[in-house]
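Notes for the one structure printed next.
Values in this text are rule-based calculations from the coordinates and carry no lab data. What you see is a predicted model, and the numbers here were worked out from it, not measured in a lab. Reconstructed Cβ throughout: ideal geometry from the backbone, glycine too, with neighbour counts over all protein chains shown.
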Amino acid sequence: MANAGIKYGLTQKIDEKDKKILKTLFQDGRISIADIANKTRLRRDSVARRLKRLQKEQVLTGIVPVINPPALGLPNVAILLLRLRSGNRDKFVSQLIANKFVVHVSKLIGKFDFYCSIVYENTNHLNQIIEETKQYVPNLVDDFELYQVVSDPKFEKMEDLL
């Protein structure tokens, strides 16, 4: 199941049995349906049916590993805020999303149009990423602000939402 991203505007009802299944998946995303059934004390066919429904209703959009970027030689994180002029925003956004070092993109309402999280090796690498980003569609970036992240007091696993 590939990560389909967050879908805003959707509200689905989940019950305590669904929450038990989801909490079990947080502990081990590779767990079998039979093992989920054992841990949650639910019937195997019930677990399978509920998982299929949670996927269809987009409550569960993916089960993916959480990568530690420093272990891959990318020890730094920066937040890039972008304001764009009128123009080919779709092309810009598709190229932004395709950049493997841009690990999160959100469209905003306010002073800036986009929030991006970037992982990078060093300052030269970050400067290269920013310059490439500004050239996706020449003259489209009106303004930007950059913030280097020094720590992550909270990294969202979202398990506590259950």
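For Asn88 and His125 in the same chain, what is the full-extension length gain: residue separation times 0.36 nm, less their Cα-Cα distance, in nm?
Extra length available between Asn88 and His125 comes to 10.7 nm.
Treating only the Cα positions of the chain as identical point scatterers, give the base-10 log of I(q)/I(0) from the Debye formula at each q in 0.13 Å⁻¹.
So the normalised log intensities work out to -0.78.
Within 15 Å, Cβ to Cβ, of Ile109, how many net charges do the neighbouring residues add up to if Lys/Arg are +1 and Asp/Glu are -1?
+3
For the chain, take the longest principal axis of its alpha carbons; what is the angle in degrees between that and the long axis of helix 123-134, to the nearest 10 within 0 to 90?
For 123-134 against the chain, the angle is about 90 degrees.
Helix 44-56: angle to the longest alpha-carbon principal axis of the chain, degrees 0 to 90, nearest 10?
Helix 44-56 and the main axis of the chain meet at about 30 degrees.
Determine the sum of side-chain charges near Asn99: Lys and Arg each +1, Asp and Glu each -1, restricted to other residues whose C-beta is under 15 angstrom from that of Asn99.
The answer is 0.
Return a whole-number percent for the relative contact order of the chain, with Cα pairs under 8 Å and 6 or more residues apart as the contact set.
Relative contact order, the chain: 25 percent.
In region 82-162, which chymotrypsin sites (Phe, Trp or Tyr not before Pro) fall in coil by DSSP and have 14 or fewer other Cβ atoms within 10 Å?
Loop-located and lightly packed - Phe155.
DSSP loop (so not H, G, I, E, B), at most 16 other Cβ within 10 Å: list which trypsin sites (Lys or Arg not before Pro) in region 10-88 pass both filters.
Listed in order of number, the matching sites are Lys13, Arg30, Arg41, Arg43, Arg85.
Using a Gaussian network model of the chain with C-alpha springs under 10 Å, which one of Ile130, Ile31, Ile79 is most mobile by mean-square fluctuation?
Ile31
Pairing the Cα long axis of helix 16-27 with the longest principal axis of the chain, what angle in degrees results, from 0 to 90 and rounded to the nearest 10?
60
What is the local net charge at Leu162, summed over the other residues whose Cβ is closer than 12 Å to its Cβ (Lys, Arg +1; Asp, Glu -1)?
Neighbour charge sum, excluding Leu162 itself: 0.
Can you tell me what percent of all Cα-Cα pairs in region 69-149 are more than 19 Å apart?
30
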